[in-house]
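Notes for the one structure printed next.
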């Protein structure tokens, strides 16, 4: 059951999310790493989130920001300055667990090693689930670290959301490379505390790289780590 790497290229966020849902619904015995990109500025939100409660949708439209509803849970995440991927693991695979937290730990262990190779620094997996600064920040992925997120000191580097069915689980991950543009956040966020919390939790990983160079490099490292894990 060697890992299948599926690159579907650029698409609008809802198309990417619907592809993940379709892959999960049709998952057989082969694990899949689904890689993709975004057609223009994008954000996604968990299946049960109502984005209009947290985002100014008119301002989002002015910025060309398109939204997609994920088949997984979790909060809102901006994809203008991250690397996103999806991993699907069938229930028949030895690395699959009925325990969701064990699945998070397994997947983010691979992400941690990819980030370590990218930065030449050693991140860790958050061992506890901390309390959010306030109710609004709890609904934004990069404003609130959660258990088994990839951390570098106090900064959240990578997080994820999962959905498990009888066929297996879908893990939708995001590695934060830098803060989204300040003006975008200023215009779109309805709660100022969210921007503040994101600033406190986000560390720029770019160094002297462009966002495109960083995405390409971290993508290769993520593929390598998962390919080795599922070999």
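Going by the structure shown, is residue 95 in contact (Cβ under 8 Å) with a residue 12 or more places away in the chain, assigned to a loop (DSSP other than H, G, I, E, B), touching a helix residue (DSSP H, G or I) at 6+ places or on another chain (Cβ under 8 Å) and surrounded by fewer than 22 Cβ atoms within 10 Å (Cβ to Cβ)?
Yes, satisfied.
Output the number of the condition that residue 147 fails; it satisfies all remaining conditions of (1) at pLDDT 90 or above; (2) in contact with a helix residue (DSSP H, G or I) (Cβ under 8 Å, 6 or more places away or on another chain); (3) surrounded by fewer than 24 Cβ atoms within 10 Å (Cβ to Cβ).
The one condition residue 147 does not meet is (1).
If I go through region 188-208 residue by residue, how many of them are farther than 28 Å from residue 104 by Cα and buried (at least 16 other Cβ atoms within 10 Å of the Cβ)?
3
What are the pairs with Cβ atoms under 9 angstrom where one residue, in region 203-215, is at positive phi and at pLDDT below 95 and the other, located anywhere, is surrounded by fewer than 16 Cβ atoms within 10 Å (Cβ to Cβ) and not in a loop (DSSP other than H, G, I, E, B)? Sequence gap at least six, or different chains.
From region 203-215, the pairs are 207/119.
Just checking, which of 65, 57 is buried (at least 20 other Cβ atoms within 10 Å of the Cβ) and more than 22 Å from residue 219 (Cβ to Cβ)? Lay out the reasoning, then the answer.
Values: 57 fails: buried (at least 20 other Cβ atoms within 10 Å of the Cβ).
After ruling out the rest, the residue left standing is 65.
The values are calculated or read from the model by the stated rules, or taken from the named source; none is laboratory data. Model, not experiment: these values are computed from the prediction. As a convention, Cβ positions derive from the backbone with ideal geometry for all residues, glycine included, and neighbour counts pool all protein chains shown.
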